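Participant: Sending over a structure as structure tokens; questions will come in a sec.
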């Protein structure tokens with residue numbers, strides 16, 4: 001019984017220093033909002049970083065560098081609990097995770113029908129899908 005009570009506490013402590021920031025950007029006049037997640041405790045000073053290709057961004061507190069990963073979420077969009085949980089898990093391993101918004105701030109599916117319509121729209125136009133992916137990163 002003690003193990004069951006202790007495990008959720010340990011999992012919660014593991015995410016204690018995570019920082020999450022919404023990053024707004026625009027593509028051809030349309031608003032998008034991705035999410036940057038990183039572990040503040042694992043941010044390296046650029047003068048002491050050992051990685052050859054770290055992400056360096058003004059979105060971190062101060063001048064910071066972390067290896068980066070772009071997440072392109074499932075068809076339900078960037079705000080699902082599963083996407084955020086996985087991104088937090090990866091960020092706690094020392095990565096800066098950016099969850100891309102492939103739909104726009106106006107499109108946030110709430111069910112499979114809406115998700116199918118939104119994903120179908122983006123997938124039907126490869127040029128649009130590439131543009132949105134490139135702008136996200």
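What follows is calculated from the coordinates using simple rules that are stated; it is not laboratory data. Values in this document were obtained by computation on a predicted structure and should not be read as measured data. Backbone-built Cβ (ideal geometry, glycine too); neighbour counts: all protein chains shown.
Participant: So if each residue of separation counts as 0.36 nm, and I subtract the Cα-Cα distance between residue 72 and residue 89, what length gain in nm does that give? List each step's numbers first, then the result.
Facilitator: On the way: separation 17, 0.36 × 17 = 6.12 nm, distance 1.54 nm.
Full extension of this stretch gives 4.6 nm more.
Participant: May I pose another question? Rank-order 90-101, 121-132, 30-41 by packing density, defined as the average count of other C-beta atoms within 10 Å over each peptide's residues, highest first.
Facilitator: On the way: 90-101: 21.5, 121-132: 12.8, 30-41: 18.4.
In decreasing order of mean packing, 90-101, 121-132, 30-41 become 90-101, 30-41, 121-132.
Participant: Taking the Cβ-Cβ separation of residue 23 and residue 123 as r and a Förster radius of 25 Å, what is the calculated FRET efficiency to the nearest 0.05? Numbers along the way, then the final one.
Facilitator: Values: r = 24 Å, r/R0 = 0.94.
Step by step, r from the Cβ atoms, then E = 0.60.
Participant: Order 106-116, 78-88 from most to least packed using the mean count of other Cβ atoms within 10 Å.
Facilitator: Working: 106-116: 13.0, 78-88: 16.1.
Final packing ranking: 78-88, 106-116.
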